[in-house]
1. Specify the residue that is surrounded by the most Cβ atoms within 10 Å (Cβ to Cβ); the eligible residues are those in region 9-31 that are part of a helix (DSSP H, G or I) and among the β-branched types (Val, Ile, Thr).
2. How about region 32-73: which of its residues are surrounded by 12 or more Cβ atoms within 10 Å (Cβ to Cβ) and closer than 21 Å to residue 18 by Cβ?
3. Name every residue in region 40-80 that is modelled with pLDDT under 90 and under 22 Å from residue 28 (Cβ atoms), in order of residue number.
Amino acid sequence: METVSNDTIKFNHGELAVSAVITTISCLLSILGGLVLIWSYYVVPSSRNTVRLMLIALTLADILTASGYLMAMVFDWTAE
């Protein structure tokens with residue numbers, strides 16, 4: 001079995017596949033959770049305050065970060 005190395009740690013393709021699946025699931029859950037927070041901000045008018053707005057800004061940043069990781073996983077899977 002072929003291994004991937006960075007001079008200190010060696011991973012085989014099975015381990016890399018498991019890591020990719022875990023990363024993909026984590027990204028999808030992060031995006032879903034962020035969308036639920038944004039949805040709740042707009043559906044529940046009593047929760048609209050400055051602190052909640054800052055939380056929404058952080059949520060948008062998290063969604064963008066998770067989307068970037070998800071795209072990297074997709075591009076990595078299609079490259080093989």
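1. The first filter runs over region 9-31 and keeps only residues part of a helix (DSSP H, G or I), leaving 13-31.
Checking which are among the β-branched types (Val, Ile, Thr) leaves us with 18, 21-25, 31.
Details: 18: 11, 21: 12, 22: 10, 23: 16, 24: 16, 25: 10, 31: 18.
Residue satisfying both the conditions and the ranking: 31.
2. 66, 69, 70, 72, 73 - these are the residues of region 32-73 that are surrounded by 12 or more Cβ atoms within 10 Å (Cβ to Cβ) and closer than 21 Å to residue 18 by Cβ.
3. Hits for region 40-80 are 72, 73, 74, 75, 76, 77, 78, 79, 80.
The values are calculated or read from the model by the stated rules, or taken from the named source; none is laboratory data. Owing to the predicted nature of the structure, the values given are computational and were not obtained by experimental measurement. Note that we place each Cβ from the backbone using ideal geometry, even for glycine, and neighbour counts take in every protein chain shown.
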